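Novice: Would you mind keeping the following structure in view while I ask a few things?
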Amino acid sequence: MKKLQILMSSYNGKKYLKEQIDSIMAQDCEKKGLASINLLVRDDGSTDGTQDILKEYSDKYPGRARWYQGSNKGVIQSFFELMAEAGPADYYALADQDDYWMPQKMSAGIIKLQQMEERHSGGCGIPLLYCCRPLLADMDLKPLKLHVSNPEMRPGFGNALIENIVTGCTTVFNNRLRQMAVLKIPVHAAMHDRWLYLIATCFGRIYYDETPYIYYRQHGDNAVGKNTGRIPELKYRIKKFKSDSLKPGRQAAEFWHIFRREFKDASNNSKDLHGKEELLKLFIKGKKDGRARKKLVCQGRLYRQRSLDDRIFKLLIRINLY
């Protein structure tokens, strides 16, 4: 049977951690013969007794659930360390400490990855990423009523450069994507899941599943959360545009620095990758060249999922705030 390695970063997660781990160990992918489950948790310096729970579950599932203590470095670098330290496996998945997984979550991702592997040259040579839309829920896992529209997602490299649609705790990906993600751990990645999105859309394939398989718990202590109301969502998006205004440019420059050789090795044989390389270079050049910025806007290859966001970001590009 193939192996699935689930990677979790914990930090003061005592309140919901047991429920989350129980939902992980109850995944039906083993019963279906798809993959065996292994859980690796890195604790990011908890002070609330989270470690006691992790020890309890490592004793309950010897050889299947492991954890280790790390220093506090934040969620992004904690997950990058986990991906770097993870042993060999066929599939990998990221887990937050406070959500709840539906039993078929891993099966849905693995089946889709297997289909992608069959469709794309055996799949092993290119990074493959699956993710799904999360189901927003309150602290008691009751689904929240949404008052904002969610467009059907259109993944692509032109989107990944300026927006992230991948929620890390919904992902399942292959070993090639993990290897590329930790080839050199980035300093300027806006988020670890956004880095995965960039790699997969540039060098491989991604599938965004509109069917939710995870209760994405919303509470006051979320490291990353979502909004359900129009006014909170608008305020959040304005705040995010301001705080993230310079992140895409720095992230793109580091992406080029790390993967320059991969572009060189593959672009001669791939018209599609050559086009992405040209877009990436133009995006980076635009930080110093007004004509390049105008070309970026006019080309229409960069896009955000929502039309209003798209217009706002094109304005930000024109005034060099990206």
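The values are calculated or read from the model by the stated rules, or taken from the named source; none is laboratory data. Because the structure is predicted, anything quoted here is derived from the model rather than measured. Virtual Cβ from ideal backbone geometry, glycine too; neighbours counted across all protein chains shown. We work out accessible area using only protein heavy atoms, side chains counted, and drop any ligands, DNA or RNA first. Shrake-Rupley method; radii C 1.70, N 1.55, O 1.52, S 1.80 Å.
Novice: Of the residues Q69, Q77, which single one is open to solvent by 70 Å² or more (accessible area, probe 1.4 Å) and at pLDDT 95 or above? Reasoning before the result, please.
Specialist: Working: Q77 fails: open to solvent by 70 Å² or more (accessible area, probe 1.4 Å).
Exactly one residue qualifies, and that residue is Q69.
This table checks each residue for (1) in a helix (DSSP H, G or I); (2) of a type in the set (A, V, I, L, M); (3) within 21 Å of R154 (Cα to Cα).
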position	(1), (2), (3)
K288	no, no, no
K294	yes, no, no
R304	no, no, yes
D309	yes, no, yes
I312	yes, yes, yes
N320	no, no, no
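Each row is one residue, and each column tells you yes or no for (1) modelled with pLDDT of 95 or more; (2) more than 19 Å from Y130 (Cβ to Cβ); (3) among the β-branched types (V, I, T).
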residue: V187; (1), (2), (3): yes, yes, yes
residue: C202; (1), (2), (3): yes, no, no
residue: I206; (1), (2), (3): yes, no, yes
residue: E210; (1), (2), (3): yes, no, no
residue: Y213; (1), (2), (3): yes, no, no
residue: Y216; (1), (2), (3): yes, no, no
residue: G225; (1), (2), (3): no, yes, no
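Novice: Related question: Which residue out of S46, S36, S58 is assigned to a loop (DSSP other than H, G, I, E, B), surrounded by 13 or more Cβ atoms within 10 Å (Cβ to Cβ) and among the hydroxyl-bearing types (S, T, Y)?
Specialist: Numbers: S36 fails: assigned to a loop (DSSP other than H, G, I, E, B); S58 fails: assigned to a loop (DSSP other than H, G, I, E, B).
The conditions single out S46.
Novice: Kindly list, by first and then second residue, each pair from a residue in the stretch 39-60 that is farther than 17 Å from M25 by Cα to a residue that is among the hydrophobic types (A, V, I, L, M, F, W, C) and assigned to a strand (DSSP E or B), limited to pairs with Cβ atoms under 7 Å and residues at least 6 apart or on different chains.
Specialist: D43/W67
Novice: With open to solvent by less than 40 Å² (accessible area, probe 1.4 Å), aliphatic (A, V, I, L, M), within 22 Å of H274 (Cα to Cα) and in contact with a Leu (Cβ under 9 Å, 6 or more places away or on another chain) as the only criterion, which of A181, A95 stands out? Write out each step before concluding.
Specialist: Working: A95 fails: within 22 Å of H274 (Cα to Cα).
Step by step, each of A181, A95 is checked, and only A181 is open to solvent by less than 40 Å² (accessible area, probe 1.4 Å), aliphatic (A, V, I, L, M), within 22 Å of H274 (Cα to Cα) and in contact with a Leu (Cβ under 9 Å, 6 or more places away or on another chain).
Novice: Go through the stretch 87-115 and report how many residues are hydrophobic (A, V, I, L, M, F, W, C), within 18 Å of the chain's Cα centre (by Cα) and over 19 Å from R194 (Cβ atoms).
Specialist: Let us first name the residues in the stretch 87-115 that are hydrophobic (A, V, I, L, M, F, W, C), namely 89, 93-95, 101-102, 106, 108, 110-111, 113.
Subset that is within 18 Å of the chain's Cα centre (by Cα): 93-95, 101, 106, 108, 110, 113.
Now drop any that are not over 19 Å from R194 (Cβ atoms), which leaves 101, 106, 108, 110, 113.
Matching residues across the stretch 87-115 total 5.
Novice: Does any residue of the stretch 151-161 turn out to be under 19 Å from the mean Cα position of the chain (by Cα), open to solvent by less than 40 Å² (accessible area, probe 1.4 Å), within 30 Å of K287 (Cα to Cα) and charged (D, E, K, R)?
Specialist: No, the stretch 151-161 has no match at all.
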